[in-house]
1. Identify, from the list G67, G114, the residue that is under 30 Å from M200 (Cα atoms) and either modelled with pLDDT of 95 or more or not assigned by TED's automatic domain parsing to the domain that holds G334 (or both).
2. So is E45 surrounded by fewer than 24 Cβ atoms within 10 Å (Cβ to Cβ) and either in contact with a helix residue (DSSP H, G or I) (Cβ under 8 Å, 6 or more places away or on another chain) or not aromatic (F, W, Y) (or both) or not?
3. Quick one: which of M251, M231 is under 27 Å from A131 (Cβ atoms), hydrophobic (A, V, I, L, M, F, W, C) and either surrounded by fewer than 23 Cβ atoms within 10 Å (Cβ to Cβ) or in the same structural domain as A154 (by TED's automatic domain parsing) (or both)?
4. Please go through the stretch 132-147 and give me each residue that is within 16 Å of ligand 2 (Cβ to nearest atom) and of a type in the set (V, I, T), ordered by number.
5. Within the stretch 148-192, count every residue that is at pLDDT below 95, away from ligand 2 (no atom under 16 Å from the Cβ) and either within 17 Å of the chain's Cα centre (by Cα) or buried (at least 23 other Cβ atoms within 10 Å of the Cβ) (or both).
6. Out of the stretch 302-318, which residues are outside any helix (DSSP H, G or I) and either over 15 Å from G81 (Cβ atoms) or not assigned by TED's automatic domain parsing to the domain that holds E65 (or both)?
7. Given the conditions (1) among the hydrophobic types (A, V, I, L, M, F, W, C); (2) assigned by TED's automatic domain parsing to the domain that holds G83; (3) without any contact (Cβ under 8 Å) to a residue 12 or more places away in the chain, and given that A280 satisfies all but one, which numbered condition is not satisfied?
8. Of all residues in the stretch 145-184, which are touching a Leu at 6+ places or on another chain (Cβ under 8 Å) and more than 10 Å from ligand 1 (Cβ to nearest atom)?
Amino acid sequence: MLLLTIESSCDETSAAVVRDGRQVLSNIVASQIETHARFGGVVPELASRCHTESMVLVINQALAEAGVDINQIEGIGVTRGPGLIGALLVGLSAAKAIAYAKNIPLVGLHHMEGHILAAQLETNIDYPFLALAVSGGHTHLYRVDGIGCYSILAQTRDDAAGEAFDKVAKLLGLGYPGGVQIDRMAAQGNPQAIEFPRPMKHKGLDFSFSGIKTAVRNYLVGHQDDPDFNMDDVAASFQEAVVEVLCYKTMKAADEQSLDRIVVCGGVACNSGLRRRMQALADKKGKHVVFPSPALCADNAAMLAVAADHYLTLKSERSLSMNAVAGWGLDVAGRELSG
Ligand code: KG4
Ligand code: ZN
């Protein structure tokens, strides 16, 4: 099946053309970073406006790059939630319009389902597996027994991992988005220089990151006049604390669930420290860990195609009256679409 997929849940407008939920013919991403950077974070109303301006251009570019005419498209997958409601509505409205005009089926998908299945576009991963989904809005551990079969094992009690990276970057006076800049600075610093807390490391599987952020703020206040103050060390030590907790809990969950396959996905899965540490631990424990390539870790439309192809083949399409959902559990979304 030749599918068009559309993603607009946050600050990237993206459209992709994918064959059989596998072969990516195009994956266009229009970033809004420049628009939001001067405000230090995503401004929801500006995000909606940018999506409105870019959506048709991005869809046309995806079709052109794939060498596909819109009349050849056999189905559409679109992010239905969670995300910024105004931003979601732009993608959903475009998807509905095309589905109606061309009389083709449409499926509305959970954003994190896209992230979790993105790795399947590059390599075949057998089910079941453990997924660590780490992005700006999510820090979740899922047991994945198949497409549509997701059990939440853990989540963050406060900030998401990406949110913590972005907030600490702001404290350090770095621009938005901050994760990638902390990653770069951390490479120059000493991760053992400052002992930031590892919140909830030994308490169950849930995560908590707001305490690390506060510890960084307190450290900065206390060391304003310290001649030995080193920003790279702060970035490296902060990243070390987050990465240690993420890796520790992921391995704990994998052991508890007797799972040998692990997928790490979402924007924070681009982090080089996380990739390095998780790979080393997996090698030591004889587990197989997969990271999608960076372009498929960040928000993009191609990642939706694996689930879209599956649900449309099952005929789990959605009526044109479906609405966007700002908050939506992945376990619930999977059950709804699996019927
Ligand atoms: O999945 P994503 O692109 O969008 C959401 O669904 O939220 O994730 C964005 C998050 C941001 O918080 C960003 O700072 C973080 O991923 N991020 C990183 C890196 N690249 C992106 N965090 C740490 N290290 C990176 N290299
Ligand atoms: Zn995302």
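The values are calculated or read from the model by the stated rules, or taken from the named source; none is laboratory data. Keep in mind the model is a prediction, meaning the values are calculated, not measured. Using ideal geometry, Cβ is built from the backbone for each residue, glycine included, and neighbour counts are taken over all protein chains shown.
1. Values: G67 fails: under 30 Å from M200 (Cα atoms).
Checking each option against the conditions leaves just G114.
2. Details: surrounded by fewer than 24 Cβ atoms within 10 Å (Cβ to Cβ): yes; either in contact with a helix residue (DSSP H, G or I) (Cβ under 8 Å, 6 or more places away or on another chain) or not aromatic (F, W, Y) (or both): yes.
Yes: the conditions hold for E45.
3. On the way: M231 fails: under 27 Å from A131 (Cβ atoms).
Result of the check over M251, M231: M251.
4. V134, T139 - these are the residues of the stretch 132-147 that are within 16 Å of ligand 2 (Cβ to nearest atom) and of a type in the set (V, I, T).
5. 0
6. Let us first name the residues in the stretch 302-318 that are outside any helix (DSSP H, G or I), namely 314-318.
Result: L314, K315, S316, E317.
7. The number of the failed condition is (2).
8. I147, G148, Y150, I152, L153, A154, Q155, L171, L172
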